[in-house]
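Reviewing the structure listed below.
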Amino acid sequence: MSAQASQRQTTLSTLDAIKRRGEKFATLTAYDAIFSSLVSTAGIKVILVGDSLGMVLQGHDSTLPVTVDDIAYHLDCVKRGNQGALIMADLPFMSYASESQSLESAAHLMRHGAHIVKLEGGAWLATSTRLLTERGIPVCAHMGLTPQAINRIGGYRVQGRNPDQAATILEEAKLLEEAGAAMLLLECVPVDLAATITEASGVPVIGIGAGPATDGQIMVLHDLLGMETTGIKPPKFVKSFLAETGTIREAVEAYVQAVEAGTFPAPEHCFA
Ligand code: KIV
């Protein structure tokens, strides 16, 4: 067995223990074998096969066109390269609109190598979260800005800025944890709200554009590498680590170190 293949497998218990110790962990998207191998040997604890692949790989202007088969294909690739990271898979748009559909889609992705599935939404996810969890499929609930609902939301903007909206997100986070969610992901919410939810949650909370208080951070790989989509201004929470380092491996390692040390995200990456 090679040194890389003998790396210890990250599990949900590993992440729970990191949270209990008050430490931080770094997570990242990857969509193919070579990046999966690189990031999982550079300290990344969770690889997300995200529906962001619709934008960064397929060139769509949203995540909506991504299918379960697209995620399954990239999961196969990531699984082959992975050296011990926990693999999270997105259930794409309209693949969990009903309870039976969420079971079918999630089971399909678990058979392709996912260790946990991620669903976007709020209170309405509670029934599916319970069903999946009871049947052995861990769930990460993605809250705050949920890009699959971009047409309802009306733009990629910060969520939970007014007190009522913040209280709803906090309540829904509690509800989803009670329904069995093994992890929460907060996208584009104010720092204080993310800190309150992280403090109140017994499960690990991952953030993107949610400030430094969450237990883990996530980034889209291409953002970390400074690869901008033509004509689109990178969001405030993005940092190109490659711009400060020499190689892709060094950039991923710098991201991991910055997250674990609590120096990323810095105030300029956060929403007050
Ligand atoms: O699909 C994705 O990459 C995501 C992250 C932005 C969290 O959901």
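The values are calculated or read from the model by the stated rules, or taken from the named source; none is laboratory data. Owing to the predicted nature of the structure, the values given are computational and were not obtained by experimental measurement. As a convention, Cβ positions derive from the backbone with ideal geometry for all residues, glycine included, and neighbour counts pool all protein chains shown. Heads up: the accessible areas ignore ligands, DNA and RNA and are worked out on the full protein's heavy atoms, side chains in. Shrake-Rupley method; radii C 1.70, N 1.55, O 1.52, S 1.80 Å.
Using θ = phi - 60° and the Karplus form 6.51 cos²θ - 1.76 cosθ + 1.60, what ³J(HN,Hα) does each residue of region 108-114 get, whole Hz, x for Gly and Pro?
Taking θ as phi minus 60°, the curve returns 4, 6, 5, 5, 8, x, 5 Hz for region 108-114.
Leaving out ligands and nucleic acids, note down the accessible area per residue over region 162-272 with a 1.4 angstrom probe, in whole Å². Could the numbers behind the result be given before it?
Details: 4890 Å² over 111 residues.
Here the residues of region 162-272 average 44 Å² of exposed surface.
May I ask for the distance between the Cα centers of region 71-91 and region 196-272, given as a whole number of Å?
First find each Cα centre; the distance between them is then 20 Å.
Counting helices only, and only those DSSP H runs with n ≥ 4, report the 222 nm mean residue ellipticity of the chain as the sum of -39,500 (n - 2.57) divided by its residues, in deg cm²/dmol to the nearest 500. All intermediate terms of the calculation are to be shown ahead of the outcome.
Details: 11 runs with 105 residues, N = 272.
Using -39500 (n - 2.57) per qualifying helix, the result is -11000 deg cm²/dmol.
Can you give me the long-range amide H partners of L186? Hydrogens built in the peptide plane at 1.01 Å from N, cutoff under 5 Å, separation of 5 or more residues or another chain.
When sequence neighbours closer than 5 places are left aside, the close amide H contacts are M143, I206, G207, I208.
With every protein chain kept in place and ligands, DNA and RNA left out, what is the accessible area per residue of region 34-147? Probe 1.4 Å, answer in Å². Kindly include the intermediate steps, with their values, before the conclusion.
Numbers: 4110 Å² over 114 residues.
Heavy-atom accessible area per residue stands at 36 Å².
With only alpha-carbon atoms in the gyration tensor, what are the semi-axes of the equivalent ellipsoid for region 121-220, in Å, largest first?
Working: eigenvalues 80, 47, 33 Å².
Computed over region 121-220, the values are 20, 15, 13 Å.
Within the chain, what whole-number % of the accessible surface is contributed by carbon and sulfur, with the 1.4 Å probe and all protein chains included in the calculation? Intermediate values should be presented prior to the final figure.
Details: 6230 of 11830 Å².
For the chain, the apolar C and S fraction of the accessible surface comes to 53 percent.
Multiplying the sequence separation of E171 and R21 by 0.36 nm and subtracting their Cα-Cα distance, what value in nm do you get?
Stretched fully, the E171-R21 segment lengthens by 51.5 nm.
Using 7 Å Cα-to-Cβ label points, what is the I232/E268 separation (nm, one decimal)?
Placing both labels 7 Å beyond Cα along the Cβ direction yields 2.2 nm.
Any chance you could list P(r) for the chain, counting all Cα-Cα pairs in 10 angstrom bins from zero, rounded to whole %?
Per 10 Å bin, starting at 0, the Cα pair percentages come out as 7, 32, 41, 19, 2, 0.
Please list T133, T168 from largest to smallest accessible area, probe radius 1.4 Å, with all protein chains kept in place.
Numbers: T133 50, T168 70 Å².
My answer, sorted largest first, is T168, T133.
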